[in-house]
Amino acid sequence: MFWSNCFEVFALDGARTGILQFCTAAESTDWLQSISTNINSLTQENIKILNKSSSSDNQIVHMGWACETPEGSTTCRSSVFKFLALRGPYFNIFKCPP
């Protein structure tokens with residue numbers, strides 16, 4: 001069943017989840033947007049801090065979460081969340097943010 005006034009939150013270890021439910025779909029959208037904006041701002045701030053001590057050819061270009069789902073899988077439960085970082089010529093994959 002799909003509700004437009006809630007969303008699910010996954011823990012870093014993927015073992016626990018929680019559903020946040022709101023009075024209206026608009027309130028749910030506002031919260032999700034606020035959370036997303038804060039995460040993006042903190043990520044950009046972290047990139048700037050890390051890049052201060054890196055040479056120009058070894059700068060972090062992007063960091064963020066990705067969801068890997070096995071081919072043919074139809075359930076979210078089989079998905080694995082990974083943290084990706086593109087730094088200079090390297091592409092790094094982590095289980096959690098470094």
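The values are calculated or read from the model by the stated rules, or taken from the named source; none is laboratory data. Since this is a predicted model, take the numbers as computed values, not measurements. Backbone-built Cβ (ideal geometry, glycine too); neighbour counts: all protein chains shown. Surface areas here come from the heavy atoms of the whole protein model, side chains and all, with no ligands, DNA or RNA. Shrake-Rupley method; radii C 1.70, N 1.55, O 1.52, S 1.80 Å.
I need the full set of residues from the stretch 71-95 which are open to solvent by less than 100 Å² (accessible area, probe 1.4 Å), at pLDDT below 80 and assigned to a loop (DSSP other than H, G, I, E, B), in order please.
Residues satisfying the conditions are Gly72, Ser73, Thr75, Ser79.
Counting only residues that are touching a Phe, Trp or Tyr at 6+ places or on another chain (Cβ under 8 Å) and open to solvent by less than 80 Å² (accessible area, probe 1.4 Å), which one in the stretch 60-70 is modelled with the lowest pLDDT?
Filtering the stretch 60-70 for residues that are touching a Phe, Trp or Tyr at 6+ places or on another chain (Cβ under 8 Å) and open to solvent by less than 80 Å² (accessible area, probe 1.4 Å), the one modelled with the lowest pLDDT comes out as Cys67.
Examine the stretch 31-41 for a residue that is under 28 Å from Phe91 (Cα atoms), among the polar types (S, T, N, Q) and touching a strand residue (DSSP E or B) at 6+ places or on another chain (Cβ under 9 Å), and state whether such a residue exists.
yes
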